[in-house]
1. Go through the range 56-103 and count every residue that is of a type in the set (Phe, Trp, Tyr), surrounded by 11 or more Cβ atoms within 10 Å (Cβ to Cβ) and out of contact with any strand residue (DSSP E or B) (no Cβ under 6 Å at 6 or more places or on another chain).
2. Determine whether the range 53-63 contains at least one residue that is assigned to a loop (DSSP other than H, G, I, E, B) and touching a Lys or Arg at 6+ places or on another chain (Cβ under 7 Å).
3. Restricting to the range 51-105, name every residue that is aliphatic (A, V, I, L, M) and more than 14 Å from the chain's Cα centre (by Cα).
4. Of these, GLU50, GLU71, GLU42, GLU26, which one is of a type outside the set (Lys, Arg), without any contact (Cβ under 8 Å) to a residue 12 or more places away in the chain and closer than 21 Å to ASN133 by Cβ?
5. Output the number of the condition that TYR16 fails; it satisfies all remaining conditions of (1) modelled with pLDDT under 95; (2) part of a strand (DSSP E or B).
6. Here's a check for you: in the range 91-112, which residue that is without any contact (Cβ under 8 Å) to a residue 12 or more places away in the chain and either of a type in the set (Gly, Ala, Ser) or assigned to a loop (DSSP other than H, G, I, E, B) (or both) is nearest to TRP175 (Cα to Cα)?
7. Could you check ALA41 against (1) buried (at least 18 other Cβ atoms within 10 Å of the Cβ); (2) in a strand (DSSP E or B) and say which number it fails?
8. If I ask for residues that are among the aromatic types (Phe, Trp, Tyr) and in a strand (DSSP E or B), which ones from the range 64-89 would you list?
Amino acid sequence: MSTTAPALKRIHHVAYRCNDAKETVEWYQRVLGMTYTTAFAEDKVPSTGEDDPYMHVFLDCGGGNVLAFFELPNQPAMGRDPNTPAWVQHLAFEVEDEAALLAAKAHVEAQGIDVLGPTFHGVFRSIYFFDPNGHRVELACNIGTDAQYAELKRVAPLMLDEWSRTKRAPRHAEWLHKDPSA
């Protein structure tokens with residue numbers, strides 16, 4: 001039987017766990033200006049029927065994007081995968097330009113939060129910091145040209161094929177690592 005992949009419209013929401021739903025909502029409102037829109041709270045999990053009370057909160061990130069968190073008071077304390085470096089799993093949000101990125105850095109630091117960056121990534125610059133749950137957050141602004149993005153799209157399949165065979169970093173886009181402002 002032949003099937004067709006679904007026609008996706010967008011990401012409906014992305015959900016993470018939090019230690020405290022109220023603290024998390026207030027942090028994302030204050031630090032990133034998100035709008036708190038919705039809360040679901042149940043004593044039973046709708047999809048499994050399990051007894052497991054939870055609070056599920058939703059924040060509007062702009063552009064039709066929604067970030068959600070679950071507070072699970074009856075589950076063991078939150079942890080993270082000890083085999084995955086802290087820099088790998090993160091939430092990345094786009095800001096308008098480099099001026100907005102620098103203004104965001106100043107705002108986040110004024111909240112008493114340590115910020116790493118800006119870091120140069122070839123076609124974008126980023127700053128990084130952690131939310132109160134230990135989730136790494138990235139703010140990024142695009143700085144690439146249409147030609148650079150086209151070249152990255154062209155070499156993407158070549159790079160993936162080479163990586164699959166060698167597990168070594170392909171050099172097709174090595175130019176990304178040369179920061180002209182450094």
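The values are calculated or read from the model by the stated rules, or taken from the named source; none is laboratory data. As the structure is a computational prediction, the values presented were derived from the model and not from experiment. Cβ coordinates were reconstructed from backbone atoms using ideal geometry, including for glycine residues, and neighbour counts include every protein chain displayed.
1. So the count comes out to 0.
2. No, the conditions are met nowhere in the range 53-63.
3. Hits for the range 51-105 are MET55, VAL57, LEU72, ALA77, MET78, ALA99, ALA100, LEU101, LEU102, ALA103, ALA104.
4. GLU26
5. (1)
6. My answer is ALA99.
7. Of the numbered conditions (1) buried (at least 18 other Cβ atoms within 10 Å of the Cβ); (2) in a strand (DSSP E or B), the odd one out for ALA41 is (1).
8. Correct list: PHE69, PHE70.
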